[in-house]
Amino acid sequence: MQSGEIEVLMEIGQSYLLNKEYDKAIAKFTEALKINPHDPELYYYLGLAYEQSGRLEQAKMMYLKAVELDRGFSNAEIRLSEVNNKISQEKKM
């Protein structure tokens with residue numbers, strides 16, 4: 001049941017993400033993480049929601065966790081690099 005529940009939460013979260021309802025997406029991904037805190041994909045999607053809502057530091061932490069859990073997670077590595085660039089650009093302003 002738990003994996004089915006996680007899948008439903010992921011799908012709902014992704015739908016919210018696509019509709020730019022970032023706070024709702026964050027809530028669903030966070031709820032899924034409470035069930036399975038070892039899923040790098042959940043951290044990745046949570047990172048996307050944070051990043052797209054402008055919360056770059058939180059996004060960075062989620063991408064770092066995704067990469068920590070799955071060293072070969074190239075999408076998370078790419079997003080982490082992008083977020084680090086955005087953060088350094090903000091600091092220059």
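The values are calculated or read from the model by the stated rules, or taken from the named source; none is laboratory data. Treat the numbers as computed from the prediction; the structure is a model and nothing was measured. Ideal geometry is used to build each Cβ from the backbone, glycine not excepted, and the neighbour counts take in all protein chains shown. For the accessible areas, the whole protein counts, side chains as well, though only heavy atoms, and no ligand, DNA or RNA atoms are used. Shrake-Rupley method; radii C 1.70, N 1.55, O 1.52, S 1.80 Å.
Can you tell me which residue within the range 24-51, out of those that are acidic (Asp, Glu) and within 16 Å of residue 77 (Cα to Cα), is least open to solvent (accessible area, probe 1.4 Å)? Step through it out loud before you land on a result.
First, pick out the residues of the range 24-51 that are acidic (Asp, Glu): 31, 39, 41, 51.
Those still in the list that are within 16 Å of residue 77 (Cα to Cα) too: 39, 41, 51.
Numbers: 39: 34, 41: 79, 51: 16 Å².
That would be 51.
Taking the range 59-74 as the range and being assigned to a helix (DSSP H, G or I) and open to solvent by less than 80 Å² (accessible area, probe 1.4 Å) as the test, the residues that pass are 59, 60, 62, 63, 64, 65, 66, 67, 69, 74.
Farther than 20 Å from residue 7 by Cα, of a type outside the set (Asp, Glu) and open to solvent by less than 60 Å² (accessible area, probe 1.4 Å): is that true of residue 54 in this structure? So residue 54 passes the test. Within the range 1-23, residues that are closer than 16 Å to residue 43 by Cα sit with their Cβ atoms under 7 Å from residues that are open to solvent by less than 80 Å² (accessible area, probe 1.4 Å) and not in a helix (DSSP H, G or I), at 6+ positions apart or across chains, in these pairs: 6/36; 22/53. Would you call residue 12 crowded, with 17+ Cβ neighbours inside 10 Å, over 25 Å from residue 72 (Cα atoms) and either touching a Pro at 6+ places or on another chain (Cβ under 8 Å) or at pLDDT 95 or above (or both)? Yes; evaluated as a whole, the condition is true for this residue. Hey, any hits in the range 32-50 for a residue that's more than 18 Å from residue 6 (Cα to Cα) and modelled with pLDDT of 95 or more? Within the range 32-50, one or more residues are more than 18 Å from residue 6 (Cα to Cα) and modelled with pLDDT of 95 or more.
Out of all the residues in the range 25-81, which are among the small types (Gly, Ala, Ser) and in contact with a helix residue (DSSP H, G or I) (Cβ under 7 Å, 6 or more places away or on another chain)?
Filtering the range 25-81 for residues among the small types (Gly, Ala, Ser) gives 25, 27, 32, 47, 49, 53-54, 59, 66, 72, 74, 76, 81.
If the condition is that a residue be among the small types (Gly, Ala, Ser) and in contact with a helix residue (DSSP H, G or I) (Cβ under 7 Å, 6 or more places away or on another chain), then 25, 32, 47, 49, 53, 59, 66, 76 are the ones that fit.
Can you tell me how many residues in the range 67-93 are out of contact with any Pro (no Cβ under 9 Å at 6 or more places or on another chain) and either under 18 Å from residue 55 (Cα atoms) or in contact (Cβ under 8 Å) with a residue 24 or more places away in the chain (or both)? So the count comes out to 18.
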